[in-house]
2 protein chains.
Amino acid sequence: MKRRNTIQKELILNAVKRLHSHATAEEVYAEIQKEYPSIGKATVYRNLKLLSEDGQIKRIEFPCESERFDDTCSDHYHIKCEKCGKIFDVDMDLVSGLTDKIKDKHGFTFNSYQIVFKGICPNCQ
Amino acid sequence: MKRRNTIQKELILNAVKRLHSHATAEEVYAEIQKEYPSIGKATVYRNLKLLSEDGQIKRIEFPCESERFDDTCSDHYHIKCEKCGKIFDVDMDLVSGLTDKIKDKHGFTFNSYQIVFKGICPNCQ
DNA sequence: CTCTTATTGATATAGAATATCAATAAGGAA
DNA sequence: TTCCTTATTGATATTCTATATCAATAAGAG
Ligand SMILES: [Mn+2]
Ligand SMILES: [Mn+2]
Ligand SMILES: [Zn+2]
Ligand SMILES: [Zn+2]
């Protein structure tokens, strides 16, 4: 099935880029409703998924959190402020070598890992 | 509010210990129903939360997954097999020094971090 | 044993994300 | 441009996980 370009898809992509890099689907929906009130919530959820599958945005999964979407697609980590709830980028080199440490011992075929940080952001201190 | 000992609480704790270390609330519920059919689902969810707050079991949060409960309370990592979906313990030393790397640059008060691995387990290869 | 109240369990509720499906519109072909 | 196929939309229903509500029950201190 060939993908088609729609006004909705473009609005959604632009909203993700505008909304501080880590918006939820609901936040994207609310943002777009301002300029395009007729958009459906299902369309937003659907396209956010499609856009992340196509690599145009990055889907961020947090434990016990609703999914978020990042316009920065390169590999990087995130930290959640436990006070204000905001998600920030972590400016840190990628941790390497983690894969080998467990492959040896148990015979896992290792695919990926994810690190999630928690703390208090400078603004909330 | 002083905590009381109940049959249900004990059944739930024992079920967690019996069920391969990483059971979901639904799995614990199904397991207990065999011997104690009258137990309520809310009671299972409630006590799993209480037990983890009291440090008797450990609550494991996976992104986009239902919560799981581990009778091993010491700090360790987990890997999820992307084929069978099972969660395994990762036999690896704790990664240290991650906290300092980000504190310096952005002024975060660092509280915790979580690493989640994904791969294919030996059985599924 | 008695009494206070923590706990139970049936049920309702909340929240996130996907499924359904008739109506619409993107975009290739003529 | 016009026609046609079908991907996409948007209203709505559904699924799934977890928590909230609340009358009835029972733990356990006195
Ligand atoms: Mn980011
Ligand atoms: Mn474990
Ligand atoms: Zn903050
Ligand atoms: Zn497996």
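The values are calculated or read from the model by the stated rules, or taken from the named source; none is laboratory data. Bear in mind that the values here come from a model prediction, so they are computed numbers and not experimental data. Backbone-built Cβ (ideal geometry, glycine too); neighbour counts: all protein chains shown.
Quick look at the numbers
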{"item": "Count - residues of region B:81-125 that are over 18 Å from A:Phe108 (Cβ atoms) and touching a residue at least 40 places away in the same chain (Cβ under 8 Å)", "result": "1"}
{"item": "Condition check for A:Phe62: of a type outside the set (Asp, Glu) and without any contact (Cβ under 8 Å) to a residue 12 or more places away in the chain", "result": "no"}
{"item": "Exclusive hit being away from ligand 2 (no atom under 16 Å from the Cβ), of a type in the set (Lys, Arg) and over 14 Å from the mean Cα position of the chain (by Cα), set A:Lys2, A:Lys17", "result": "A:Lys2"}
{"item": "Complete set of residues in region A:76-125 that are within 8 Å of chain B (Cβ to nearest Cβ) and polar (S, T, N, Q)", "result": "A:Thr109, A:Asn111, A:Ser112, A:Gln114, A:Gln125"}
{"item": "Scan of region B:108-125 for residues that are over 12 Å from A:Met92 (Cβ atoms) and either of a type in the set (Phe, Trp, Tyr) or surrounded by 13 or more Cβ atoms within 10 Å (Cβ to Cβ) (or both), ordered by number", "result": "B:Thr109, B:Asn111, B:Gln114, B:Ile115, B:Val116, B:Phe117, B:Lys118, B:Gly119, B:Ile120, B:Cys121, B:Cys124"}
{"item": "Cβ-Cβ under 9 Å pairs, at least 6 apart or on other chains, region B:1-30 side away from every other protein chain (no Cβ under 14 Å), far side within 14 Å of ligand 2 (Cβ to nearest atom) and small (Gly, Ala, Ser)", "result": "B:Ala15/B:Ala23; B:Val16/B:Ala23"}
{"item": "Members of region A:13-38 found to be touching a strand residue (DSSP E or B) at 6+ places or on another chain (Cβ under 9 Å) and assigned to a helix (DSSP H, G or I), listed by number", "result": "A:Ala15, A:Val16, A:Ala25, A:Glu27, A:Val28, A:Glu31"}
{"item": "Qualifying positions in region B:79-106 - surrounded by 13 or more Cβ atoms within 10 Å (Cβ to Cβ), within 28 Å of A:Cys84 (Cβ to Cβ) and of a type outside the set (D, E, K, R)", "result": "B:Val95, B:Leu98, B:Thr99, B:Ile102, B:His106"}
{"item": "Selection within region A:1-41 - of a type in the set (S, T, N, Q) and at positive phi", "result": "A:Ser21"}
{"item": "Selection count where residues are at pLDDT 85 or above and either within 16 Å of DNA strand D (Cβ to nearest atom) or over 27 Å from the mean Cα position of the chain (by Cα) (or both), scope region B:85-106", "result": "3"}
{"item": "Count - residues of region B:49-68 that are within 14 Å of chain A (Cβ to nearest Cβ) and either at pLDDT 95 or above or more than 16 Å from ligand 4 (Cβ to nearest atom) (or both)", "result": "11"}
